[in-house]
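No value in this document is a laboratory result; all are computed from the given coordinates. Quick caveat, the model's predicted, so the values are computed rather than measured. Here Cβ is always computed from backbone atoms with ideal geometry, including for glycine, and neighbour counts include all displayed protein chains.
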Amino acid sequence: MKVSMPHALLTMGVSVVMLFIGLTLALMIMTIYLSRIIIEGFPTIDFIISSFIPLGPCGQGAYSFLIAGQNFQDAALGGGVLGSSSAGEVINLICLTAAFFVWCIGIWWLVMALVAIAHVRLKGHQIPFKLTFWGLVFPNAVQAIGTIQLSIALDARFFRVLGAIYGAVVIALWVVLAIPTMKQVLDGSIFHAPYLEDDLKEMAGVGIDGSSNGTMNGEAKRM
């Protein structure tokens with residue numbers, strides 16, 4: 001099948017622009033999140049799983065950089081806008097460096113998330129299973145995919161073994177989460193969200209302890 005090179009380059013260019021925009025926003029949010037951890041400490045037990053969320057843009061960003069670099073290198077073989085094959089190799093090398101940089105940030109966030117979990121467990125707190133536990137799958141999955149893609153780009157055995165282990169852990173994690181999820185779906189307990197009930201009570205003018213905010217406001221006005 002004949003490929004239109006101008007259309008291919010346009011598609012790759014738009015993809016890279018979207019990648020830059022997404023990663024820039026993600027890094028800014030990560031900075032805010034890191035400052036929150038430094039000032040306030042790790043998230044509470046109910047939100048401790050959110051510590052893994054930063055892995056998502058890092059793993060996806062690393063994978064996207066690697067694919068973009070390979071695509072530009074393949075496109076350069078036909079000359080055209082990129083001029084020569086050496087230009088494609090340079091772009092591929094830049095994308096590979098950027099991918100490794102973003103992947104390293106993801107590994108750092110993975111370590112931070114594991115430290116947060118260990119911090120909660122060392123305090124003797126139990127982390128109850130909730131629907132939010134599924135937030136573990138996607139961030140770790142894309143980080144594993146980024147690791148595997150790095151092993152392909154670098155032809156490095158270390159990344160190949162690490163990616164295989166990481167991928168196996170993600171699959172095992174999915175199975176471990178699926179079993180209790182099905183049990184709680186059958187008994188309906190997984191749909192119970194106490195924090196939403198509290199918000200609904202506050203919106204209805206009823207305090208969390210059952211008292212009416214409207215009555216309290218009326219008494220305050222009379223006083």
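Brief remarks on what is shown
- Taking the fewest neighbouring Cβ atoms within 10 Å as the starting point, the ordered list for 162, 10 is 10, 162.
- Computed Kirkwood radius, in angstrom, where 1/r is averaged over Cα pairs of region 5-177: 17.5 Å
- Backbone geometry of region 124-138 corresponds, through the Karplus equation with coefficients 6.51, -1.76 and 1.60 at θ = phi - 60°, to 3J(HN,Hα) couplings of x, 8, 9, 9, x, 5, 9, 4, 5, 4, 5, x, 7, 6, 4 Hz, x marking Gly and Pro.
- Ascending count of other beta-carbon atoms within 10 Å, so fewest first, for 72, 42: 42, 72
- Net +/- balance of residues flanking residue 50 in space, Cβ distance below 12 Å, scoring K and R +1, D and E -1: +1
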